[in-house]
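These notes concern the structure reproduced below.
Derivation of every value follows stated rules applied to the coordinates shown; laboratory data play no part. Worth saying up front: this structure is predicted, and the values here are computed from it rather than measured. All Cβ positions, even for glycine, are placed from backbone atoms using ideal geometry, and neighbour counts span all protein chains on display.
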Amino acid sequence: MVGEWYGGVTDIAPPFALTLIHPATAPGWAGMRGTAMASGGNAGTLRVQRQAGVALVRLFGEHDMATVGHLREALDEQVAMGDGVVVSLADVEFIDSSVVRVLYRGDHALREQGRRLVLHVATPSIVKRLLELSGLSARLPCTNSLDAAVRLASGAGEDAS
């Protein structure tokens, strides 16, 4: 059933496979919000802003394979502009492996330009857990501070490699 099981990440750079189960059925996660939009949860939206010469892509709600196309398009547009990019997950309630894959892809494209994708990760524990399990939080610059994320993405902060 769509929304109950999420497929593995197989076509991104890190050499691992990841299979996630719906949070409502995962041991120890009972009661946490995280129903994916494909199963009728809170539809995810995004907004792109400019801040200090950096693209700030803010995600809201729940993001999965049903909404990931909008994120992919937004990141592709910002990468084409050649500036640093911050993706804020502060208002995200849930993401799945398709979002992780697009974030890896965006960072790879920015690295080819000598830039980085920086994550603003002041997020619910279920989102942080996915970032840890996927290895994304270890491979991309992450910070709880939006100001620090903007500095890193602009190249004005500490080394983001």
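Where does each of 130-138, 78-86 land if you order them by average Cβ count within 10 Å, highest first?
78-86, 130-138
Seen through its C-alpha gyration tensor, with square-root eigenvalues sorted a ≥ b ≥ c, region 90-161 comes out oblate because a/c lies at 1.5 or above while a/b is not bigger than b/c. Peptides 101-111, 87-97, ordered by how many other C-beta atoms sit within 10 Å of their residues on average, highest first, read 87-97, 101-111.
For residue 118, nonlocal amide neighbours, meaning residues 5 or more places apart or on other chains whose placed amide H falls under 5 Å from its own, are 85, 86, 87. Couplings 3J(HN,Hα) for region 103-116, derived from phi with the Karplus relation 6.51 cos²θ - 1.76 cosθ + 1.60 (θ = phi - 60°), are 5, 4, 4, x, 5, 4, 5, 5, 4, 4, 9, x, 10, 9 Hz, where x marks Gly and Pro.
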